[in-house]
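Asker: Quick one: this structure, given as structure tokens, is what I'll be asking you about.
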Amino acid sequence: MDSIMSADFLAAVIAGAIMASMPLLFAALGETISEQAGVLNLGLEGMMLAGGYAGFVLAYWSGSSWVGLLAAILAGIAVSLLMVVFSVRMGRDQIVVGIAILFAMQGLTSLLHQVQFGESYPRLGEAAMLSIPGLRDIPVLGILFNQPAVVYIGVALIIIVGWIFLKTNFGLNIRAAGWKPVALDNAGVDVIKIRTIAVLVTGALAGLGGGYMAVVTAGIFVPFMTHGQGFIAIVIAMLARGRSTWVLIGSLLFGTALSIADGLQLVGIEVSTDIVNMLPFVFVLLALVLFGRQSYLPAALCIPFERGKR
Amino acid sequence: MKSTESFRLSRSSIAIMVLAVMLTLVAGCGRTEDAGTDASPASGSGGIEVTKVAVVTPEKANDFGWNQMGVEGVKAAAEAVGAEVIVQDGAGYGDITPIMNQLATEEPQLIFAWASGYNAVGPSMAQQLGIAVTSADPGDESVNQPQLVQAIEEHAEKGAYLAGILAARMTQTGTVGIVASADDLNWAKMGGGYIAGARSINPDIKILYVQIGQAGYADAAGAKRVTTSAISGGADIIFGFGDGSSFGMMQAVETAKAPAGADKVYFIDVIGDKSSLDEKNIYLSSVVWDFSQLNTEIIESLEAGTFGQESAYLDLDNGLKLLQTDLIPDDIWAEIETAKQSIIDGSIEVPLTVSAKEVKDLIAAGE
């Protein structure tokens, strides 16, 4: 065991934790906004796939990971428009539309990938890194200061979303759209508009999460590569209850547990990554049992809003 | 009013779902090809004349892996015996009963059901349709039924033994890695063979084993993460078992900083040959599963009336091989060839491990 416990190995475990956390962080942050606005976005993984595919294609063609990540955001927004049109505007069942988005994106990205890259499977190089001089040289922990630049953007987004929720009228309106949409409507605020913005932002963040996975982590897009991450992100968002710092903690805990499980395997201690993958779902079940659905999730979650109806 | 709204809701919901499912299905549509010639072999005693065969694979046949090797193997075999081929790739891992029924209308004499996930449906459909089918990796001789069901297995561990020799000769750090995408019978077989091969060269070689998950076949991001960890643990040769996840492993090998004591990290692949995709000279080799000869033998056995009497094995003398690349020095390749002959003549016996646990136990036993 000792022979592989080098500083490089420990640093790799930390890097692995960040690698596994970031897609979840972006997607769960987006889902938090959507859920707080009253829209359960089960199509999150579909948006991640769209972002992953578009991000990879544009990063490959342009040679720039930034262009790829921007494309991932735009792809996520484009897919989330389906949710906006069908669920927010037309009031169709959010669960059905979300699942349809997931299936559609699984099929579409798989098909497009086969047509374009089925014979070549190109791979990207390393994404743009941001190294902080001095700090990056700290043994083991220095890896925290030598990460893809988008990681720091993710941390900044946590602060920004937290601030919006706590300190701005817009954040208050989002939460009111999920908890008391009729009251919000009575106050003269357009609930549909608030939910539309929330879902589009969710699409952008989910797309970025998928883009991170394809462009920054794997350096390649393969069909179905999100591998259930969208659903784990939904569960993290449920556990976070609208608090962005909890999204950060939940994502990091999950990624760290996964990376530690990898590390333990390498030193000969068996910890199944599948148990780690299962943990968020166990936690959310426990939370729902302990706190009860009504007090735990937004009261108007999954309920279409129509003016004049109560 | 309420009932009208409910009807409208369900109608639009159904429309959305249908659209989504159609997109999913479009990604998995198959194709029919005529790779045959005019000649048809004569049928033997108790056998049947084979003029048309079909192959069903769960994923598209351009994955540089199991699906591609399967379809290419069936095409080559059909060409060898002068039969037509129907290719139905991307059929998914679910119930293929409708697909089998559809194929039956094309009247093939043999269907290669190219996934272990089809092993329940395949033999059952063979009974119903009266068409011979193959069963992929059932791990059980009793699956065989004369002229109806033929089990196909692989002695993958023997190819992996050769890969182990290669890794032990090429490593600069004295540490090699195994990255498995799943807890899979063939991955376990190859893990054990690889360990035995590596230790036959260097009994003290350090072997790291890491698994992405129970079924991380397509988890490219997870593959990148665990492969990077294995490299940082000192492994400079990665033996990777995956499908789509293999590309994540390759990307990790391409971008990783070589561990202390090594100039470079190399990748050894399984099943297919991705050397044409290697732009950074990291693709050291692959344990290739070429089913052309074995599938030809299977078709011929159906014609001879010996189909389904015992399991057919892919082995070092009929298509299982270690891929030779320019990165392998001649003297090491000569050593590998010698070992190959020794395995074929039985002077080297390769251990068989059938689970990830047995692989890990084997690693621990040598430490």
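Asker: Taking the Cα centroid of region B:78-136 and of region A:7-69, what is the distance between the two, rounded to the nearest whole Å?
Answerer: 39 Å
Asker: If R0 is 56 Å, what FRET efficiency do you get for residue A:62 and residue B:48 from their C-beta distance, rounded to 0.05?
Answerer: Values: r = 57 Å, r/R0 = 1.01.
Efficiency at R0 = 56 Å is approximately 0.50.
Asker: Still on this structure: Under the Karplus relation 6.51 cos²θ - 1.76 cosθ + 1.60, θ = phi - 60°, what is the ordered set of whole-Hz ³J(HN,Hα) values for region B:233-242, x standing for Gly and Pro?
Answerer: Per-residue couplings from phi come out as x, x, 6, 10, 10, 10, 9, x, 10, x Hz.
Asker: Using the 2.2 N^0.38 Å rule of thumb for compact globular proteins, work out how the protein assembly as shown stacks up: its C-alpha Rg over that value, please. Each step should come with its number before you reach the end.
Answerer: Values: Rg = 26.8 Å, N = 677, 2.2 N^0.38 = 26.2 Å.
In units of the 2.2 N^0.38 Å rule of thumb, it is 1.02.
Asker: Just to be sure I follow the definition: excluding the sites themselves, where is the longest run in chain A that has none of the GluC sites (Glu not before Pro) in a DSSP loop with at most 16 other Cβ atoms within 10 Å? Show your work: numbers first, answer last.
Answerer: Details: sites that count: A:119, A:126, A:270, A:306.
In short, A:127-269.
Asker: Here is a further query. Does anyone have the angle between helix B:292-304 and the longest principal axis of chain B? Alpha-carbon axes, 0 to 90°, nearest 10?
Answerer: Helix B:292-304 sits at roughly 40 degrees to that axis.
Asker: Show the residues, 5+ positions off or on another chain, whose built amide H is closer than 5 Å to the amide H of residue B:132.
Answerer: So residue B:132 has HN proximity to B:111.
Asker: Just checking the output field for A:212-220: average partner chain Cβ neighbours within 10 Å of each residue's Cβ?
Answerer: On the way: counts 1, 4, 2, 0, 2, 10, 14, 10, 9.
Shielding by partners across A:212-220 averages 6.
Asker: So how tilted is helix A:273-291 from the main axis of chain A? Cα-based, degrees 0 to 90, rounded to 10.
Answerer: 30 degrees
Asker: Sticking with this structure for a sec: What's the local net charge at residue A:59, with K and R +1, D and E -1, over the other residues with C-beta under 14 Å away? Kindly include the intermediate steps, with their values, before the conclusion.
Answerer: Working: positive: A:123; negative: A:126.
For residues surrounding residue A:59, the net value is 0.
Asker: Within 10 Å of each Cβ in peptide B:234-242, how many partner chain Cβ atoms are there on average? Round it to a whole number, please. Could the numbers behind the result be given before it?
Answerer: Values: counts 6, 2, 0, 0, 0, 0, 0, 0, 1.
Other-chain Cβ atoms within 10 Å of each residue's Cβ, averaged: 1.
Asker: Follow-up. Quick check for you: which residues of region B:172-187 have the amide N under 13 Å from the point 7 Å beyond the Cα of residue B:264 toward its beta carbon?
Answerer: Correct set: B:172.
Asker: Now a separate question. Which one, A:216, A:97, A:39, has the greatest fluctuation when you compute a Gaussian network model over chain A with C-alpha springs under 10 angstrom?
Answerer: A:97
Asker: Are any of the pairs A:167/A:193; B:189/B:340; B:158/B:360; B:321/B:360; B:75/B:321; B:224/B:321 more than 22 Å apart by Cα-Cα distance, and if so, which?
Answerer: Values: A:167/A:193 20 Å; B:189/B:340 17 Å; B:158/B:360 18 Å; B:321/B:360 25 Å; B:75/B:321 19 Å; B:224/B:321 26 Å.
The answer is B:321/B:360; B:224/B:321.
Asker: Against the longest alpha carbon principal axis of chain B, how many degrees, from 0 to 90 and to the nearest 10, is the axis of helix B:356-365 turned?
Answerer: Tilt relative to chain B: about 10 degrees.
Asker: A further question follows. Given a Förster radius of 41 Å and the C-beta distance between residue A:269 and residue B:332 as r, what FRET efficiency does 1/(1 + (r/R0)^6) yield to the nearest 0.05?
Answerer: Details: r = 34 Å, r/R0 = 0.82.
In this case the efficiency is close to 0.75.
Asker: Quick one: 3J(HN,Hα) in Hz for region B:197-203, Karplus 6.51/-1.76/1.60 with θ = phi - 60°, rounded, Gly and Pro as x.
Answerer: Whole-Hz 3J(HN,Hα) from phi for region B:197-203: x, 5, 6, 5, 8, 9, x.
Asker: Given the protein chains as shown and a 1.4 Å probe, how many square angstrom of residue A:19 are accessible, to the nearest 10?
Answerer: Estimated to the nearest 10 Å², residue A:19 gives 40 Å².
Asker: Can you compute the FRET efficiency between residue A:130 and residue B:309 using 1/(1 + (r/R0)^6), with r the Cβ-Cβ distance and R0 = 60 Å? Round to the nearest 0.05.
Answerer: 0.40
Asker: Per residue of region A:210-225, in order, report the coupling 6.51 cos²θ - 1.76 cosθ + 1.60 (Karplus, θ = phi - 60°) as ³J(HN,Hα) in whole Hz, putting x for Gly and Pro.
Answerer: Karplus values, whole Hz, x for Gly and Pro: x, x, 4, 4, 7, 7, 8, 6, 7, x, 7, 10, 10, x, 6, 6.
Asker: Using all alpha carbons of region A:158-264, what is the percent of pairwise distances in each 5 Å bin, ordered from the shortest bin to the longest?
Answerer: Reading the bins upward from 0: 2, 10, 15, 21, 18, 13, 9, 6, 3, 1, 0, 0.
Asker: Starting from the 7 Å offset along Cα-to-Cβ, what nm value, one decimal, do you get for the label separation of residue A:141 and residue A:7?
Answerer: It works out to 1.4 nm between the two label points.
Asker: Out of the DSSP beta bridges found with both residues in the protein assembly as shown, what percent are antiparallel (nearest 5)? The partial results should precede the final answer.
Answerer: Details: 11 of 50 bridges.
In the protein assembly as shown, DSSP labels about 20 percent of beta bridges as antiparallel.
Asker: So how far apart, in nm, are the two label points at residue B:200 and residue A:285 if each is 7 Å from Cα heading toward Cβ?
Answerer: It is 4.7 nm.
Asker: Further, regarding this structure: Take residue A:115 and residue A:152, extend 7 Å from each Cα along the Cα→Cβ direction, and tell me the distance between the two endpoints in nm.
Answerer: Label at residue A:115, label at residue A:152, 4.0 nm between them.
Asker: Please give me, ordered by residue number, the trypsin sites (Lys or Arg not before Pro) of region A:97-176 that lie in loop per DSSP and have at most 14 other Cβ atoms within 10 Å.
Answerer: Values: sites: A:123, A:136, A:167, A:175; in loops: A:123.
Qualifying residues, ordered by number: none.
Asker: Next question. With contacts defined as alpha carbon pairs under 8 Å and 6 or more residues apart, what's the relative contact order of chain B in percent? Don't jump to the answer; show the numbers that get you there.
Answerer: Values: 822 pairs, mean separation 68.4, N = 367.
Reported relative contact order: 19 percent.
Asker: Let me ask you something else. As a test of reading the structure, rank B:171, B:51 by solvent-accessible area (1.4 Å probe, protein chains only), most first.
Answerer: Values: B:171 25, B:51 50 Å².
Descending order: B:51, B:171.
Asker: Within the set of other residues whose C-beta is less than 15 Å from the C-beta of residue A:244, count the net charge using Lys and Arg as +1 and Asp and Glu as -1. Can you show the working numbers first?
Answerer: Working: positive: A:167, A:175, A:241, A:243; negative: A:31, A:35.
Here the charged neighbours net out to +2.
The values are calculated or read from the model by the stated rules, or taken from the named source; none is laboratory data. Keep in mind that this is a model prediction, so the values were computed, not measured. Note that each Cβ is placed from the backbone with ideal geometry, even for glycine, and that neighbours are counted across all protein chains shown. Side chains included, ligands, DNA and RNA excluded: accessible areas come from the protein's heavy atoms. Shrake-Rupley method; radii C 1.70, N 1.55, O 1.52, S 1.80 Å.
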